[in-house]
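Written below as structure tokens is the structure these notes are about.
The values are calculated or read from the model by the stated rules, or taken from the named source; none is laboratory data. Only a predicted model underlies this, so the values are computations on that prediction, with no experimental measurement involved. In this analysis, Cβ positions are derived from the backbone assuming ideal geometry, glycine residues included, and neighbour counts consider all displayed protein chains. Surface accessibility is based on the protein's heavy atoms, side chains included, excluding ligands, DNA and RNA. Shrake-Rupley method; radii C 1.70, N 1.55, O 1.52, S 1.80 Å.
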Amino acid sequence: MFLFRLKRTIKLGVKSLWMHRLRSTLTALGIIFGVSSVIAMLAIGEGASQDAQNKIAQLGSHNIIIKTVDPPEEQSSTGQQQTLKEYGLTYDDAERFRNAIPNVEVIVPNRLISEEVQYRSKRTSMQIVGTVPWHPQISSLSVQYGRFLSDMDMRYKKGVCVIDEKIVKELFVFDYPVGQDIKLAGDYYRVVGVVNEQQSDTPSDDLNSASQSGANVGAIYIPLSTVQDRFGDTNMQMSSGSTRPTMEKVELQEVTIKVNDLAQIEPTRKSAETLLTKFHKKNDYEIVVPLELMKRQQEIQQIFTIVLGSIAAISLLVGGIGIMNIMLATVSERTREIGIRRALGAKKKDIIFQFLSETFILTAAGGILGILLGIGIPYLVEYYGNMPTVVTSKALILAFTISSGVGIIFGLYPAYRAANMDPIESLRHE
């Protein structure tokens, strides 16, 4: 009996809405746009969050990255800039970290140099990473072909290198890279391996300064001893507005410390900071902890999601108000119909259920169309805007549930108003 009445009520609701197709469609637009905006905004926010967390994860949650930072320029007593500017991390710093800090799994010093690489007639600018054979332990690098650097390469300062897949795409279009020779700064290096291409763009300024060797695009990995022997520690730069070149001496651009246990991240960071403060008079270093960046990113994402959800909820609220307005108008138009149904024995709850079913059908249909539109928008954003998006089932369920709830809540007052009409007065209504 109940199913029969439910089927009949739904049928009457659909018929009533179909009789005013244009009005029903315009009313449902508020729900459609509200639901689609909820899904699209949550998808964009989730995509940005996952992209940022993936990039942070590439730096390693167990890592502490210490970066060289160029301190403010110093001047001599005569007011002239110093011709030799010496700053940054040193090999002694890396040795102190290794000897003085407990619970350290591995320490990786890196020297970074920008140079032009040449293979036959092709040239391109890439970043040289002077590093050690155990560098893959602190990064997401994986060997695709050949091998990575070895202890023998380090010991004998061999002219070998490992390149990433970006260089393969740009220089070795038709040749197998392993075993080929490339030219860097006048010297030739034998390619012994190819590693996966890393992401270069980073989710924050802190991460941008930290993501050098662990997240490079177009990187060439060379034994640190070879880089030290062939490039030295001093380079020459011409400052703007100066007639004399400035010599800079920087031994290491970064040192990455990997600890065994996440609980040791903070104590290890403090120990490293203590050592650096003791041996560095200048503020020429920066400590970045990817684990802290990840926690900060999660907090930012929560706030971002709340803000986006609130904005989308406002559009649903506006849609709900539109539905209430139209249903109140519908009640006025159907006053005589309500009176006839009450005279034939319909109870108040039947009238309430009738109008609530119409609002639910309207919002449910709008919710389904909004879901389809909401799924399509993130794909367009990702395709044309080159932004990562992630549509989750949680967002779809949440958007549809909210839209249906809005329909029921804003349909209650018109339904109760229709049910509480006096049957006799309703029958007199023209």
Item to check | Descending Cα extents along the principal axes, the chain, whole Å | outcome: 103, 54, 48
Checklist entry - Roughly speaking, to the nearest percent, how much of the chain's 1.4 Å accessible area is carbon and sulfur? => result 57
Checklist entry - How far apart, in nm, are two points set 7 Å out from the Cα along the Cα-to-Cβ line at Lys348 and at Arg123? => result 8.9
Item to check | Förster-model FRET efficiency, 45 Å R0, Gln53 and Leu84, C-beta, rounded to 0.05 | outcome: 0.60
Checklist entry - In whole Å, what three semi-axes, largest first, describe the equivalent ellipsoid of segment 93-180 built from its Cα gyration tensor (square root of 5 times each eigenvalue)? => result 29, 14, 12
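Can you give the FRET efficiency for Leu412 and Lys295, using 1/(1 + (r/R0)^6), R0 = 45 Å, r = Cβ-Cβ distance, to the nearest 0.05?
Working: r = 43 Å, r/R0 = 0.96.
E(calc), rounded to 0.05, equals 0.55.
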Checklist entry - So which of Lys166/Lys258; Lys183/Lys249; Lys158/Lys270; Lys122/Lys282 end up more than 31 Å apart, counting from Cα to Cα? => result Lys158/Lys270; Lys122/Lys282
Next on the checklist: What lysines does Lys394 reach when the alpha-carbon gap must be under 28 Å and sequence neighbours fewer than 8 apart in one chain are set aside?
Outcome noted: Lys55, Lys295
Next on the checklist: Under 24 Å between alpha carbons, and skipping anything fewer than 8 positions from Lys348 in its own chain: which lysines qualify?
Outcome noted: Lys7, Lys11, Lys15
Next on the checklist: Could you tell me the calculated FRET efficiency between Ser225 and Arg190, based on Cβ-Cβ distance and R0 = 22 angstrom, to the nearest 0.05?
Outcome noted: 0.90
Next on the checklist: Loop only by DSSP, 15 or fewer other Cβ within 10 Å of the Cβ. Give me the trypsin sites (Lys or Arg not before Pro) in segment 280-344 that pass, ordered by residue number.
Outcome noted: Lys281, Lys282
Item to check | Histogram of C-alpha separations across segment 366-430, 10 Å bin width, % | outcome: 18, 29, 20, 15, 11, 7, 1
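When ligands, DNA and RNA are left out and all protein chains stay put, how many square angstrom of accessible area per residue does segment 306-357 have with a 1.4 Å probe?
51
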Item to check | Lys/Arg +1, Asp/Glu -1 at C-beta; the chain dipole; positive extreme among Tyr188, Asn260, Leu396 | outcome: Leu396
Checklist entry - Helix hunt in the chain: which complete DSSP H runs extend at least 27 Å axially by C-alpha with mean Kyte-Doolittle at least 0.5? => result 21-59, 290-333, 348-385, 393-419
Checklist entry - Near Lys157, which aspartates and glutamates are there with a Cα under 17 Å away, not counting those fewer than 8 places off in the same chain? => result Asp181, Asp187, Asp229, Asp233, Glu251
Checklist entry - Hey, in the GNM for the chain with a 10 angstrom Cα cutoff, which one of Thr131, Thr363, Thr392 fluctuates hardest? => result Thr392
Next on the checklist: Please list, by residue number, everything in segment 96-124 whose backbone N is under 11 Å from a paramagnetic label point 7 Å out along Cα→Cβ of Lys270.
Outcome noted: none
Checklist entry - Modelled label-to-label distance, Ala263 and Glu115, 7 Å Cα→beta-carbon offset: nm? => result 4.5
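Summing Lys, Arg as +1 and Asp, Glu as -1, what charge do residues with Cβ under 15 Å from the Cβ of Ile323 carry, Ile323 excluded? Spell out each step's value before the answer.
Numbers: positive: Arg23, Arg417; negative: Glu358.
Every neighbour counted, the sum reads +1.
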Item to check | Alpha-carbon spread of segment 287-353, three principal axes, descending order, Å | outcome: 80, 20, 8
Next on the checklist: For Cα pairs less than 8 Å apart in space and 6+ apart in sequence, what is the mean separation divided by the residue count of the chain, i.e. the relative contact order in percent?
Outcome noted: 30
